[in-house]
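The values are calculated or read from the model by the stated rules, or taken from the named source; none is laboratory data. Quick caveat, the model's predicted, so the values are computed rather than measured. Because the Cβ atoms are built from the backbone with ideal geometry, glycine has one as well, and the counts that use them run over all protein chains shown.
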Amino acid sequence: MIQSAKRLKICSTCKKGLPSTAFNKQLKARDSLQARCRDCAKIGDKKYKRTRTDYRRQQLREKYNSLEGKRKHLNRYFKSAYKITLEEYEQLATEQSNKCAICGAFPDDDKRLYVDHCHDSKKVRGLLCFHCNTGLGHFRDNSGILKNAINYLYDRNK
């Protein structure tokens, strides 16, 4: 009887007297057990993770939703991916009249033109709309395959 009384521990959160098996281990604690039971720890951890994740999302929204934040983000992205600055991107867009270099279409609302670049030399070739950019990507930037596709369309559309 005395041994079982020693094994009961009161959870600091729910205030229930529970057996020591209901607590996770914590080596630095006097009795080597956490202060709260496993159920309360699980609830607390979920709550912490949810609030922490929500806080991080809010920080990112505030950071990137401002015009200055978006510009900083794009500048970092262009520098790391294409070795150009945001100003160079904007200059290219101005030279192309903010139109796709292939089809001449304006980008969709709230979209930007995509940077087309050679995957071997990493040299920027121009700015393209989504459809032209993905089309070149699907043809693996291979002019021979593109010529075959043009011939195929020409022959089949007669």
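See the values below:
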{"quantity": "Considering residues of region 40-71 that are of a type in the set (D, E, K, R) and within 16 Å of the chain's Cα centre (by Cα) only, the residue farthest from K16 (Cα to Cα)", "calculated": "K70"}
{"quantity": "Qualifying residue in region 112-129 (condition: over 22 Å from D141 (Cβ atoms), of a type in the set (D, E, K, R), touching a residue at least 12 places away in the same chain (Cβ under 8 Å) and outside the structural domain of G69 (by TED's automatic domain parsing))", "calculated": "no"}
{"quantity": "Top-ranked residue of region 72-89 - restricted to ones that are among the charged types (D, E, K, R) and surrounded by 14 or more Cβ atoms within 10 Å (Cβ to Cβ), ranked as modelled with the highest pLDDT", "calculated": "E88"}
{"quantity": "Output for region 104-158, where each listed residue is of a type in the set (S, T, N, Q) and either exposed (fewer than 14 other Cβ atoms within 10 Å of the Cβ) or not in a helix (DSSP H, G or I) (or both)", "calculated": "S121, T134, N142, S143, N148, N151, N157"}
{"quantity": "Candidate set from region 31-62 (those that are among the small types (G, A, S) and either farther than 30 Å from R7 by Cβ or not in a helix (DSSP H, G or I) (or both)); member that is modelled with the lowest pLDDT", "calculated": "S32"}
{"quantity": "Cross-chain or 6+ apart pairs with Cβ under 8 Å, region 1-15 first and part of a loop (DSSP other than H, G, I, E, B), then modelled with pLDDT under 90", "calculated": "T13/G44"}
